[in-house]
Amino acid sequence: MTVDTAAARGLLLDLIARRSLTPDDAGCSQLLAEALAPYGFEHEWLNHNGVTNLWSLRRCGRANAPLVVLAGHTDVVPTGDLAQWTSDPFVPSERDGVLYGRGAADMKSGLAAMTCAAQAGAQTDLNIDLAFLITSDEEGPARDGTRYVAEVLRQRGTQPDYVIVGEATADEQIGDRFIVGRRGSIGCNLTVHGVQGHVAYPHKADNPVHRVLPALTELAATIWDEGNADFPPTSFQISNINSGTGATNVIPGQAEVVFNFRYAPCSSAEQLKQKVIDCLDRHNVRYSADWWHTGEPYYTPAGRLTEAADKAIGQVTGHKPLHFTGGGTSDGRFLAPLGAEVIELGPVSASIHKFNEHLKLDDFDALCAIHAALLRELSQSLG
Ligand SMILES: [Zn+2]
């Protein structure tokens with residue numbers, strides 16, 4: 001059973017035409033729900049604090065079938081200066097086989113492709129339970145969307161086995177890479193306390209810059225881990241240092257330092273934080289610290305899900321895709337902790353968040369075929 005490409009393109013145009021700026025779903029999820037309903041999907045709306053969340057489940061009828069979740073967001077980032085767009089970002093416009101519009105790549109094409117792939121899969125004998133998790137809060141605070149739904153699922157004991165996020169992940173050509181993990185991020189605003197005084201009387205002052213520099217030198221030279229086959233080593237970067245009154249004869253009373261870790265899954269946020277605290281204590285630094293932890297890492301090692309994606313992409317495009325762990329954070333970080341293997345697979349990401357966001361229509365057709373093949377491969381390998 002192949003995807004009805006004309007219907008898929010129609011659905012994509014309908015989605016782009018909706019002005020769904022975070023957290024406004026603008027009826028996008030309703031369109032997807034209507035497309036899925038005739039294929040045995042049962043909808044549950046888990047809206048929260050003005051964010052639209054759709055959980056839609058189709059059971060295959062087999063006991064203890066694995067649960068595969070297709071996840072994505074309907075919200076888009078603001079257009080920016082409309083004069084920079086060749087055509088209205090919310091009027092999908094085709095020129096030379098390329099479709100222009102906000103959300104064309106991030107990620108209304110991913111949602112339309114997964115929806116139509118699920119329709120096609122539902123007309124075959126699937127061995128997997130399928131669910132959609134669709135939110136309108138990915139580009140914003142990301143609190144009341146996937147994170148909230150993941151918590152609801154956790155409380156219910158619903159355990160997704162495999163998650164496919166339809167975010168834009170390809171580099172130059174459709175199918176050239178997909179994401180198997182993302183690094184975590186933790187940072188700190190550090191205030192180092194000293195005692196202000198005259199530079200001529202240092203014994204009556206306590207210079208916070210002198211206190212913290214040896215500690216920072218040690219932190220900057222530390223090897224935190226070695227990374228692994230798919231992740232580069234954890235990196236520590238100082239982004240800001242500020243101190244001083246502007247006067248040349250005053251020892252400052254405090255210093256401010258901002259630093260950030262992008263960390264591989266072989267380190268944990270707690271470990272990194274503790275190592276920093278130990279280092280500051282060893283150097284007798286007096287400080288207060290304001291830590292911010294914006295994302296846990298996740299990692300899906302080679303296995304059934306990545307193999308199915310490799311095969312599906314190979315069948316449709318002939319590519320052997322790169323397994324990639326770069327880029328910023330995504331909603332995958334909220335789903336992996338449920339115990340699921342997570343990948344992200346979607347169109348070319350080059351134009352996302354930019355003026356004249358676009359997608360080649362041939363790429364969209366290929367993406368539909370890839371998602372359909374992926375469901376088929378997963379169903380076969382798990383059945
Ligand atoms: Zn996105």
All conditions in (1) closer than 12 Å to Asn53 by Cβ; (2) in contact (Cβ under 8 Å) with a residue 40 or more places away in the chain; (3) more than 12 Å from the ligand (Cβ to nearest atom) are true of Ala113 except (1)
Note on Ala309: of the conditions (1) hydrophobic (A, V, I, L, M, F, W, C); (2) within 30 Å of Gln380 (Cβ to Cβ); (3) not in a helix (DSSP H, G or I), unmet is (3)
Expected single match for loosely packed, with under 15 Cβ neighbours inside 10 Å, small (Gly, Ala, Ser) and not in a loop (DSSP other than H, G, I, E, B) among Ala33, Ala37 is Ala37
If you go through Val76, Val68, the only one that is away from the ligand (no atom under 14 Å from the Cβ) and either free of Cβ contacts under 8 Å to residues at least 60 places away in the same chain or of a type in the set (A, V, I, L, M) (or both) is Val68
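When only residues in the stretch 89-117 that are among the acidic types (Asp, Glu) and assigned to a loop (DSSP other than H, G, I, E, B) count, which is surrounded by the fewest Cβ atoms within 10 Å (Cβ to Cβ)?
Asp96
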Condition set within 14 Å of the ligand (Cβ to nearest atom) and closer than 18 Å to Ser93 by Cβ, scope the stretch 352-368, selection surrounded by the fewest Cβ atoms within 10 Å (Cβ to Cβ): answer is Lys354
Notebook entry, point to check: Does Gly318 satisfy the condition of being modelled with pLDDT of 95 or more and surrounded by fewer than 20 Cβ atoms within 10 Å (Cβ to Cβ)?
Noted result: yes
Filter pass, Thr86 being in the same structural domain as Arg333 (by TED's automatic domain parsing), within 24 Å of Arg376 (Cβ to Cβ) and either away from the ligand (no atom under 16 Å from the Cβ) or aliphatic (A, V, I, L, M) (or both):
no
Selection from the stretch 117-142 of residues within 16 Å of the ligand (Cβ to nearest atom) and under 22 Å from Thr158 (Cα atoms) yields Phe132, Leu133, Ile134, Thr135, Ser136, Asp137, Glu138, Ala142
Of (1) touching a residue at least 40 places away in the same chain (Cβ under 8 Å); (2) within 21 Å of Ala229 (Cα to Cα), Phe259 satisfies every one except (2)
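The values are calculated or read from the model by the stated rules, or taken from the named source; none is laboratory data. Owing to the predicted nature of the structure, the values given are computational and were not obtained by experimental measurement. Ideal geometry is used to build each Cβ from the backbone, glycine not excepted, and the neighbour counts take in all protein chains shown.
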